[in-house]
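Q: Below you will find the structure I want to go over with you.
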Amino acid sequence: MPYPTFPSDCSSALCRHLSPELYARLKDLKTRYGYTLDQLIRSGMENPDSSIGVYAGDEESYRLFAPLLDPIIREYHGFDPEKERHRSDMDPAHLDAPDPDPEGKYVLSTRIRVGRNLHCFPLGANLARRERLIVECLVSDALKSLGGDLAGTYYPLEGMDDATKARLIEDHFLFKEGDRFLESAGLNRDWPEGRGIYHNHDKSFLVWVNEEDQLRIISMEPGADIGRVFERLSRAVSALERKLSFAYDERLGYLSSCPTNLGTAMRASVHIRLPKLGEDMETFREICDRYELQIRGIHGEHSESEGGIYDVSNRRRLGITEVEAAGEMARGVRELIEKEKRL
Ligand code: ADP
Ligand code: IOM
């Protein structure tokens with residue numbers, strides 16, 4: 001492929017960082033699992049409205065294509081992959097994140113998820129059909145061992161009726177189908193085979209299998225008790241770590257398909273009603289920038305807000321520990337609520 005061209009209004013990290021010289025330097029490289037630059041950038045090429053636009057195919061992608069990926073990582077996380085090392089801390093005893101909305105007037109629900117991928121397998125964009133089925137089997141077996149409040153059932157997507165699927169998506173429990181960014185990255189191949197969702201009885205603990213990452217481990221509940229949501233997640237991750245070996249790099253932390261999810265691979269979010277700040281996006285964004293928060297719409301990434309309700313979460317995931325990221329989110333949300341009250 002010749003050097004790709006981007007539309008003039010493209011602002012993805014890919015189009016800002018991929019020069020013709022860099023493309024020429026990397027275009028013939030291939031990881032041991034056979035992943036190439038063209039595969040890495042396909043999603044951003046086909047979707048110029050991507051925010052990032054690249055998906056790694058395996059652990060080696062992060063080394064082989066580092067001249068493109070390191071500047072993207074540096075810019076997104078404010079972390080220097082050449083000089084720094086990631087640290088992880090999921091100990092709930094270290095968490096300082098008091099409920100930012102004790103009166104329950106603004107925050108509808110809290111959700112914290114981490115992404116994980118299995119060591120010894122390529123990442124999803126480069127996973128063969130048979131490997132994906134093995135991943136599903138290993139993960140669903142590990143999930144069967146969970147007890148107490150984490151005990152639940154694994155539901156393969158294949159065979160799930162449309163009404164159940166639609167309800168789970170609408171209620172924010174299940175990933176949506178047909179995401180064009182993932183489609184271009186090759187992450188939707190053989191859909192829906194090998195994909196599924198595990199959840200406990202009250203859907204406060206869930207695991208997505210073989211979506212953007214092989215596992216998305218999720219703790220969520222109504223209200224703003226960040227401590228309780230974090231504690232449940234931490235316990236679940238520890239229990240799964242005893243059964244599964246996750247891909248982890250000394251420098252980059254937990255490895256993920258998208259460079260935005262490296263490190264903690266954690267996104268701690270609230271669904272919050274902020275109708276007045278929603279009318280003053282400049283102030284809203286200024287507070288979010290100060291606390292390194294990201295604003296998403298009500299149905300997650302690439303969706304819009306509805307009825308003054310936003311998804312507000314930590315933006316940085318690498319070079320910050322899990323307890324620090326959740327604490328930063330809590331402090332930022334408290335300030336957003338204070339501002340909303342004053343407006
Ligand atoms: P991810 O969080 O895994 O990166 P998305 O941004 O696509 O993925 O969000 C996945 C789903 O989780 C969406 O349905 C979204 O609305 C839902 N969600 C995110 N945060 C919350 C929250 N605090 N409460 C309820 N649902 C949430
Ligand atoms: N993580 C991923 N879905 N995302 C950042 C897509 C994009 O590049 O817009």
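The values are calculated or read from the model by the stated rules, or taken from the named source; none is laboratory data. Note that this is a predicted model, so its numbers are computed, not measured. Keep in mind that these areas ignore ligands, DNA and RNA; they rest on the heavy atoms of the full protein, side chains included. Shrake-Rupley method; radii C 1.70, N 1.55, O 1.52, S 1.80 Å.
Q: Which whole-Hz couplings ³J(HN,Hα) result when phi for each residue of region 149-159 is put into the Karplus expression 6.51 cos²θ - 1.76 cosθ + 1.60, θ = phi - 60°, listed in order with x for Gly and Pro?
A: 6, 8, 5, x, 10, 9, 10, x, 5, 5, x
Q: Leaving out same-chain residues fewer than 8 places away, which lysines sit with a Cα under 19 Å from that of LYS243?
A: Filter leaves LYS144.
Q: Hey, can you grab everything whose amide H is under 5 Å from the amide H of GLY196? Only 5+ residues off in sequence or another chain; H modelled, so Pro and N-termini drop out.
A: LEU157, VAL209
Q: Still on this structure: Just to confirm, what accessible area per residue do you get for region 13-77 at 1.4 Å probe, in whole Å²?
A: Accessible area per residue: 41 Å².
Q: Please work out the Cα center distance from region 43-82 to region 226-251, rounded to the nearest Å.
A: Using only Cα atoms to place each centre, the spacing works out to 24 Å.
Q: Further, regarding this structure: Convex hull volume of the Cα atoms in region 13-77, per residue, in Å³?
A: 77 Å³
Q: Rounded to the nearest 500, what is the 222 nm mean residue ellipticity of the chain from helices alone, with -39500 (n - 2.57) per DSSP H run of 4+ residues and division by all residues?
A: Taking each H run of at least 4 residues, the total per residue is -10500 deg cm²/dmol.
Q: Here's a follow-up. Determine one quarter of the surface area of the Cα convex hull of the chain, which equals its mean projected area, and express it in nm² to one decimal.
A: 17.1 nm²
Q: Same structure again: What are the membrane-span-like helices in the chain by this rule: whole DSSP H runs, Cα extent along the axis at least 18 Å, mean Kyte-Doolittle hydropathy at least -1.0?
A: What comes out of the filter, once short or polar helices are dropped, is 129-144, 226-241, 322-342.
Q: Show which lysines lie in cross-link reach of LYS339 when reach means a straight Cα distance below 30 angstrom and same-chain residues fewer than eight apart are skipped.
A: Candidates past the 8-residue exclusion: LYS105, LYS276.
Q: Going Cα to Cα from LYS83, which lysines come in below 28 Å? Please leave out same-chain ones fewer than 8 positions away.
A: By straight Cα distance, LYS83 reaches LYS27, LYS30.
Q: Let me ask something else about it. Given a 1.4 Å probe and every protein chain left where it sits, what share in percent of the accessible area of region 92-342 is carbon and sulfur?
A: Carbon and sulfur together cover 47 percent of it.
Q: Something else: Apply the Karplus parameterisation 6.51 cos²θ - 1.76 cosθ + 1.60, with θ equal to phi minus 60°, to every residue of region 93-98 and state each ³J(HN,Hα) to the nearest whole Hz, in sequence, with x for glycine and proline.
A: 5, 8, 7, 10, 9, x
Q: If you don't mind, another one. Using the heavy atoms of the protein chains and a 1.4 angstrom probe, tell me the accessible area per residue for region 92-342 in square angstrom.
A: For region 92-342, the solvent-accessible area averages 41 Å² per residue.
Q: Would you report the distance distribution of C-alpha pairs in region 246-288 as whole percents per 5 angstrom bin, up to the bin with the largest distance?
A: For region 246-288, the binned pair fractions read 6, 18, 18, 12, 10, 14, 12, 8, 3 percent.
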